[in-house]
Amino acid sequence: MIAPPEMVTLPAGHFMMGSPAHEPGRLIVEGPQRRITIAKPFAVSRYPVMRGAFAAFVAASGYRAHGRCTLWTGSNWHEAAGSYCDPGFDQTDAHPAVCVSWNDGQSYASWLSSVTGNRYRLLSEAEWEYAARGGTSSPFWWGMSISPDDANYNATSAYGPADETGAWRQHTVPVGAYPPNPFGLHQMNGNVWEWVEDPWCRALTDTPADGRPRTADSDNGDSEIKTLRGGSWLNGPRGMRSARRHGASMTYRRSDIGFRLAQTL
C-alpha cells in the first residue's frame with residue numbers, strides 16, 4: 001500500500017515574486033520583481049519527498065535511481081558513485097530524498113499519479129515562491145533575520161539585524177525538524193534545494209503572471225537546465241531567502257537537492 005504525501009491546500013492570492021533591489025544579498029537573477037496572481041487554490045506537499053517514500057517508489061517500479069551523485073567532502077564537491085540511499089551522510093526514511101535529479105522527480109510524480117489515481121506534479125517556480133513566502137514579503141517568511149532555530153543551513157555567518165550565528169551540520173535533518181510557515185509547509189527555506197518545473201532563466205521577465213511554469217522556448221531560457229529553489233544545508237544565510245534561485249541540468253544529482261510535489265485542484 002503506497003501512502004500518498006500529506007498535502008496542504010493553499011489559497012488563491014497574489015504576491016510580488018523576486019527580491020526588491022534593496023534586499024541584502026540580492027542577486028541579479030532575482031529580478032525584476034513580478035506581480036503574480038494565483039487565481040485558484042492548489043495543493044502542496046507539507047514536506048519535501050522523503051527518502052522512505054522515494055525508496056518505496058524505486059522498489060515498486062524498478063526505477064533506476066542509482067549511479068553518480070555529486071557529494072560534499074567537507075571542503076568541496078566531488079562526483080562519485082552515490083544515490084538517494086548513499087548520499088555521503090546518515091539519513092532515516094524521515095529525511096528528504098537527495099541525490100535525485102529533475103528527471104527523477106518527474107518520474108516519481110508520474111508513478112505516484114498512476115498508482116493513486118491523483119495527479120501529482122512539480123510546482124511551478126512562481127507557485128514555489130508563493131508557497132515559501134506564506135503571505136509575507138520579508139527575506140524569510142519569519143522576518144528580516146535568520147537564526148539556527150529557523151532552518152538547516154551554514155549558520156557560521158549572520159544575516160539581518162539579529163546578527164545570530166551557529167553551527168554548520170553539513171547534512172540533512174528530518175523534514176519536520178523546524179516549524180512550518182504560515183501555510184503549514186515545512187522547510188521551504190533550507191535543508192535541501194527543491195526542483196521546480198520551470199526551465200532556468202537568468203531573469204524573471206518571462207515568468208507568466210498567472211503562476212504557470214515558463215515554457216522551454218522562453219527567450220532567455222534553456223530547456224535542459226531546470227530551476228532550483230529554497231537553499232540547502234550547504235548554503236549560508238543569504239541562500240535561505242525566499243527569492244533565492246539557482247539552475248542545474250535536469251540529470252544532475254547532488255546530496256543537497258530534493259523536490260516537493262503539487263496538485264492542481
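The values are calculated or read from the model by the stated rules, or taken from the named source; none is laboratory data. Remember, it's a predicted structure, so these values are computed and weren't measured experimentally. In this analysis, Cβ positions are derived from the backbone assuming ideal geometry, glycine residues included, and neighbour counts consider all displayed protein chains.
A few notes on this one:
- Residue within the range 113-124 that is out of contact with any helix residue (DSSP H, G or I) (no Cβ under 7 Å at 6 or more places or on another chain), in a helix (DSSP H, G or I) and among the small types (Gly, Ala, Ser) present: yes
- When we screen Ala151, Ala209, Ala167, Ala162 for residues that are surrounded by fewer than 17 Cβ atoms within 10 Å (Cβ to Cβ) and within 27 Å of Leu261 (Cβ to Cβ), the only hit is Ala209.
- Restricting the range 127-144 to residues that are in a helix (DSSP H, G or I) and in contact with a Ser or Thr (Cβ under 7 Å, 6 or more places away or on another chain), the residue that is surrounded by the fewest Cβ atoms within 10 Å (Cβ to Cβ): Arg133
- Selection from the range 187-198 of residues that are in a strand (DSSP E or B) and surrounded by 24 or more Cβ atoms within 10 Å (Cβ to Cβ): Trp193, Glu194, Trp195, Val196, Asp198
- Picking from residues in the range 67-107 that are farther than 15 Å from Ser255 by Cβ and touching a residue at least 40 places away in the same chain (Cβ under 8 Å), the one that is surrounded by the fewest Cβ atoms within 10 Å (Cβ to Cβ) is Thr92.
- Only listed residue being among the charged types (D, E, K, R) and within 21 Å of Ser138 (Cα to Cα), chosen from Arg244, Arg254: Arg244
- Tally, over the range 1-19, of residues that are under 14 Å from Arg133 (Cα atoms) and of a type outside the set (A, V, I, L, M, F, W, C): 5
- Residue in the range 108-126 that is surrounded by the most Cβ atoms within 10 Å (Cβ to Cβ), counting only those that are under 16 Å from Pro48 (Cβ atoms) and out of contact with any strand residue (DSSP E or B) (no Cβ under 6 Å at 6 or more places or on another chain): Tyr108
- Top-ranked residue in the range 245-254 [being out of contact with any helix residue (DSSP H, G or I) (no Cβ under 7 Å at 6 or more places or on another chain) and not aliphatic (A, V, I, L, M); ranked as nearest to Ile28 (Cα to Cα)]: His246
- Some residue of the range 4-13 being outside any loop (DSSP other than H, G, I, E, B), under 21 Å from Leu204 (Cβ atoms) and at pLDDT 95 or above: yes
- Qualifying residue in the range 15-23 (condition: surrounded by fewer than 19 Cβ atoms within 10 Å (Cβ to Cβ), of a type outside the set (Asp, Glu), over 25 Å from Arg169 (Cα atoms) and in contact (Cβ under 8 Å) with a residue 12 or more places away in the chain): yes
- For Val173: the one exception among (1) among the hydrophobic types (A, V, I, L, M, F, W, C); (2) outside any loop (DSSP other than H, G, I, E, B); (3) over 19 Å from Arg26 (Cα atoms); (4) touching a residue at least 40 places away in the same chain (Cβ under 8 Å): (2)
- Total residues in the range 40-66, condition of a type outside the set (D, E, K, R), in contact (Cβ under 8 Å) with a residue 60 or more places away in the chain and part of a loop (DSSP other than H, G, I, E, B): 4
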